[in-house]
């Protein structure tokens, strides 16, 4: 990943033209392709799953791929392909949902804090500084200790601090843009707060927000899988890629596919998110247009 600050060029043309320019980048195309496939699996998964992902059949345990079981079965005779598809709905669906939640929290706070400034900005930033001092993973473990293991409890704890990064990003952009001539001219012309934000400021935060969100989807997938692997997230028998990795660990030598399939799924989707984030950053950063 390129960690230098993102400098966004002013938007040129309509959204259609911007979209066509972005799709000329192969990294963006590859990332979008895999993510679209993942979204289709989330939406249509319940109709294309060939077998019950929770059905235990010990007489069919550790079978090789066949027409009935496209990827074989696990140590309890459950269809691996069905569990991978159902696990995609859990892992990816939860990641997309919680990114949407933290964006919905962080963006309004950052807009309000940066635009109003003064005491409002100072109070909100002190709150974010205090919450941001707690690492996400440690907070998740602490919540699991108090409330018991479970994906909902852990992810709510993560969302409690995850919005801070978005609030700081948006606030920084708004602080740099609100004193510029085009914003001041709009205010002098009689535009209200919402009109200034929606017409001018939101267009400036949309691009860096897309870069950050696409990268955070991959991070959230890794975090969910890691917590489930440790037994703090999704609980058996619900299929989830990290939990499938944990279930297959004792059988790695005899049946490595139990860990290879979910591990490869995590790798591909996280790689797609990183490719999309890097592609958006390279395409939108004006310093790369030399």
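Could you state the angle between the C-alpha long axis of helix 257-284 and the longest principal axis of the C-alpha atoms of the chain, as a value from 0 to 90 degrees rounded to the nearest 10?
Orientation of helix 257-284: about 20 degrees from the principal axis.
222 nm [θ] for the chain, helices only, -39500 (n - 2.57) per DSSP H run of 4+, per residue, to 500? If you can, show how the numbers build up before the last one.
Values: 11 runs with 198 residues, N = 290.
Taken over the chain, the calculation gives -23000 deg cm²/dmol.
Tilt of helix 151-177 relative to the longest C-alpha principal axis of the chain, in degrees (0 to 90, nearest 10)?
Orientation of helix 151-177: about 20 degrees from the principal axis.
Highest first, please rank the peptides 155-162, 172-179, 131-138 by the mean number of other Cβ atoms sitting within 10 Å of their residues. Can you show the working numbers first?
Numbers: 155-162: 19.6, 172-179: 16.5, 131-138: 13.4.
Top to bottom by mean Cβ count within 10 Å: 155-162, 172-179, 131-138.
Quick one: order 115, 251 by neighbouring beta-carbon count within 10 Å, fewest to most.
251, 115
Where does helix 80-116 land angle-wise versus the long Cα axis of the chain, in degrees 0 to 90, nearest 10?
For 80-116 against the chain, the angle is about 20 degrees.
Hey, in the GNM for the chain with a 10 angstrom Cα cutoff, which one of 163, 47, 241 fluctuates hardest?
47
Find the centroid of the Cα atoms in the stretch 221-287 and in the stretch 137-192, then give the distance between the two in whole Å.
A separation of 25 Å, based on Cα centres.
When you count, for each residue, the other Cβ atoms within 10 Å and take the mean per peptide, how do 213-222, 81-90 rank with the highest first?
Output ranking for 213-222, 81-90: 81-90, 213-222.
Can you sort 36, 196 from fewest to most other Cβ atoms within 10 Å of each residue's own Cβ?
Details: 36 11, 196 20.
In increasing order of surrounding Cβ atoms, one gets 36, 196.
Given the Cα-Cα distance of residue 36 and residue 194 and 0.36 nm per residue of separation, how much length would full extension add, in nm?
Numbers: separation 158, 0.36 × 158 = 56.88 nm, distance 3.28 nm.
Once the chain is fully extended between residue 36 and residue 194, it gains 53.6 nm.
Between residue 184 and residue 119, what FRET efficiency follows from the Cβ-Cβ distance if R0 is 22 Å, with the result rounded to 0.05?
On the way: r = 22 Å, r/R0 = 1.00.
Result of the calculation: an efficiency of 0.50.
Using label points projected 7 Å from each Cα along Cα→Cβ, tell me how many nm separate residue 59 and residue 147, to one decimal.
Using points 7 Å along Cα→Cβ, the separation is 4.3 nm.
Using alpha-carbon pairs under 8 Å, 6+ residues apart, how would you state the relative contact order of the stretch 24-285 in percent? Mind dumping the intermediate values first?
Values: 363 pairs, mean separation 67.0, N = 262.
Relative contact order here is 26 percent.
Which value in nm describes the separation of the simple spin-label points at residue 254 and residue 134, placed 7 Å from the Cα toward the beta carbon?
4.3 nm
Read-outs: derived from the displayed coordinates by stated rules, not from any lab. Source: prediction; values computed, not measured. For neighbour counting, all protein chains shown are included, and Cβ atoms are generated from backbone atoms with ideal geometry for every residue, glycine included.
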